[in-house]
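Visitor: Have a look at this one before I ask anything.
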Amino acid sequence: MPEANSFSDAGPDLWQCLGWQPNDTQLSQLKELQALLRHWNSRVNLTRLVENEEFWISQVFDSLWPLEKELRTPDRTRRCIDVGTGGGFPGLAVAIALPGTTLTLVDSVGRKTAAVESMANSLDLGARVDVRTERIEVTGQERSCRGAFDLAMARAVATPPVVAEYLVPLLAHQGQALLYRGHWSSNDEAHLKRALVPLKAKLADCKQINLPAGRGLRTLVRIEPLAPCPKSYPRQVGLPSRLPLGHQADDKRS
């Protein structure tokens, strides 16, 4: 494993570990994204992960490693949604790496979405990136979004059962939900599997890696629909987090 400081910039060790190499345009966009994030972060406090390894590993690498399969066909037409995008990750990094993909980035905090939209436009991604300022429970019931996405992703948003309720209603017939997680346990898996029953979905895959330079363990969980998600999900704003699926009351109701 290379020394930690070899990841402080967009050097070859980073891309070798990722198994993907940006072209010149993509590399320029990623570097510009870092500069834009610095600018906006001083005004909006989007994230502390802006400099050196914190940007290139904890933002860029961590956004892209779960997309190992998709990175092999970057120009394929896809619709993707990033739920709880915060400072624009993983969504903006995905937009750069997958030029065939159109993305919807959702966050309920207006000052964050304003910054993310400005960054997308500055990166010439505005034609492929739509930014929505709303709660995901609202997005999930919106006709233009429900059942519309090939990929629905969320990083560090909520517990797995809650995130599943946010993402599964957004999936197209053969779409997948991507849950970016840290540590993962058998209890996490059991709780998620219980939550997926009323959503008519299944756990398709679970993969773990250690980020370069000792930046920690990461887990990717992929979920696939088994049938159209019942129209009652996602429930009203606040309910998924207050009463996560898999609780006894929900099991009886479902």
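Visitor: Please report the base-10 log of the normalised intensity I(q)/I(0) for region 119-254, using a Debye sum with one equal scatterer per alpha carbon and no solvent, at each q in 0.16 (1/Å).
Guide: Listed by q, the Debye log ratios stand at -0.84.
Visitor: Oh, and also: Over 26 Å between C-alpha atoms is what I'm after, so list which of 31/112; 69/231; 112/200 land there.
Guide: From the list (31/112; 69/231; 112/200), the Cα-Cα distance tops 26 Å for 69/231; 112/200.
Visitor: Still on this structure: Please order 117, 32 by the number of other Cβ within 10 Å, starting at the fewest.
Guide: Details: 117 19, 32 15.
So the residues, fewest neighbours to most, are 32, 117.
Visitor: Can you give the % of DSSP beta bridges in region 97-254 that are antiparallel, to the nearest 5? Don't skip to the end; give the middle numbers.
Guide: Values: 14 of 25 bridges.
Restricted to region 97-254, the bridges split so that about 55 percent are antiparallel.
Visitor: Something else now. Expressed in nm to one decimal, what extension gain is obtained for the pair residue 72 and residue 190 from 0.36 nm per residue of sequence separation less their Cα-Cα distance?
Guide: On the way: separation 118, 0.36 × 118 = 42.48 nm, distance 3.14 nm.
Contour length minus the Cα-Cα distance gives 39.3 nm.
Visitor: Viscosity 1.567 mPa s, temperature 4 °C: what is the translational diffusion coefficient of the chain from Stokes-Einstein with a Kirkwood Rh over Cα pairs, rounded to a whole number of µm²/s?
Guide: 70 µm²/s
Visitor: Just tell me which aspartates and glutamates come within less than 20 Å, Cα to Cα, of residue 207; anything on the same chain fewer than 8 places away is out.
Guide: 62, 68, 70, 82, 150, 188, 189, 224
Visitor: Can you tell me the relative contact order of the chain? Whole percent, Cα pairs under 8 Å, sequence separation 6 or more.
Guide: In percent, rounded to a whole number, it is 16.
Visitor: Which value in nm describes the separation of the simple spin-label points at residue 237 and residue 197, placed 7 Å from the Cα toward the beta carbon?
Guide: Once both label points are built, they end up 3.1 nm from each other.
Laboratory data are not the source of any read-out in this text; all were calculated from the coordinates shown. All of these numbers come straight from a predicted model, not from anything done at the bench. Don't worry about glycine lacking a Cβ; one is built from the backbone with ideal geometry, like all the others, and counts go over all protein chains shown.
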